[in-house]
1. Which ones in segment 6-25 are part of a helix (DSSP H, G or I) and out of contact with any helix residue (DSSP H, G or I) (no Cβ under 9 Å at 6 or more places or on another chain)?
2. From the list 58, 51, 22, 40, which residue is of a type in the set (A, V, I, L, M, F, W, C), surrounded by 13 or more Cβ atoms within 10 Å (Cβ to Cβ) and in contact with a Ser or Thr (Cβ under 8 Å, 6 or more places away or on another chain)?
3. Would you say residue 9 is open to solvent by 80 Å² or more (accessible area, probe 1.4 Å) and either in contact with a strand residue (DSSP E or B) (Cβ under 6 Å, 6 or more places away or on another chain) or of a type in the set (Asp, Glu) (or both)?
4. Consider only pairs whose beta carbons are under 8 Å apart and that are at least six residues apart or on different chains; among these, list those whose first residue lies in segment 56-68 and is within 19 Å of residue 25 (Cβ to Cβ) and whose second residue is loosely packed, with under 12 Cβ neighbours inside 10 Å.
5. Any chance segment 17-32 includes a residue that's modelled with pLDDT of 95 or more, under 19 Å from residue 1 (Cα atoms) and of a type outside the set (D, E, K, R)?
6. Across segment 23-50, what is the number of residues that are more than 22 Å from residue 64 (Cβ to Cβ) and acidic (Asp, Glu)?
Amino acid sequence: MEFKQILKEFITENGLTVSAFARRVGVKPSQVSEWLKGKAKPGYDCLRAMASAFNISADYFLGITDEY
């Protein structure tokens, strides 16, 4: 599965808005929108922040595992 699909699924399953997700990760909502459109992908620091903000493994966002 592509990153944009993984992210969209995560946001939806957790009842988050793009703004709420962005706020928790520490990025702008426009950046998350770019990820969701597949126009950009997060770098190492953003992946690390995502995993830390939600207390899950970065492997989930990388598509290595289906469980978070």
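The values are calculated or read from the model by the stated rules, or taken from the named source; none is laboratory data. Note that the structure is a prediction, hence the values are computed from the model and not measured. No Cβ is skipped: glycine too gets one built from the backbone with ideal geometry, and neighbour counts run over all protein chains shown. For accessibility, only protein heavy atoms count, side chains too; no ligands or nucleic acids. Shrake-Rupley method; radii C 1.70, N 1.55, O 1.52, S 1.80 Å.
1. 9, 12, 13
2. When all the criteria are applied, what remains is 51.
3. no
4. 60/66; 60/67; 63/1; 63/2
5. Yes, the conditions are met somewhere in segment 17-32.
6. 1
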